[in-house]
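See structure below.
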Amino acid sequence: MGFVYDTIMIKNAGDVSSVRRGFIQEREIRQIKVHAMVDTGTEALIISEAIQQALGLEITGQQPISLADEGYQVCRFTEPVELHWRDRYTFLPAFVLPGLTQVLMGAIPLESLDLIVDPKNQQLIGAHGEQMLFRV
């Protein structure tokens, strides 16, 4: 299986909340559309410092992470973002990895969006068809 990429929209969830409360207009939501690499070996949503800054995301903590080369690094994470794929969306923090050149969408965002990788067609598909299901 090769690499799987798909287009996602990342929004500042605080801005989305501010629109709902009437503090800002919808056009003021800081958001970015990116062509992300789906990485089932990664757990989280991983973004670059440039995207974190463009979205105005506050850093809320840090945590050690293991890297693909089996090394370890302390990685910062942000306040929640609103992550969109087609007509589905979820809320989750993003990890900020210095020097990253592309967004990585890992297992937790995939699970939260009820998505799986179709290896034959090298694309994302709904785990339960077109209907997004939540497990509780």
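Values in this text are rule-based calculations from the coordinates and carry no lab data. Note that the structure is a prediction, hence the values are computed from the model and not measured. A quick note on method: Cβ atoms are made from the backbone with ideal geometry, for glycine too, and the neighbour counts reach across all protein chains shown.
List of remarks:
- Relative protection proxy for 19-27, 57-65, 34-42, from highest mean packing down: 34-42, 57-65, 19-27 (other beta-carbon atoms within 10 angstrom).
- Ranked by the mean number of other Cβ atoms within 10 Å per residue, highest first, peptides 81-93, 112-124 order as 81-93, 112-124.
- MRE, 222 nm, helices only [DSSP H, n ≥ 4, -39500 (n - 2.57), over the chain, to nearest 500]: -3500 deg cm²/dmol
- Prolate/oblate/rounded label for segment 61-114 (Cα gyration tensor, a/c 1.5): prolate
- Kirkwood estimate for the chain, i.e. one over the average of 1/r between Cα atoms, Å: 15.6
- Leading residue at positive end of dipole, the chain (Cβ point charges), from GLN102, GLY41, GLN53: GLN53
- Taking 0.36 nm per residue of sequence separation and removing the Cα-Cα distance, the ALA54/ARG30 pair yields an extension gain of 7.9 nm.
- The antiparallel fraction among DSSP beta bridges confined to the chain stands at about 80%.
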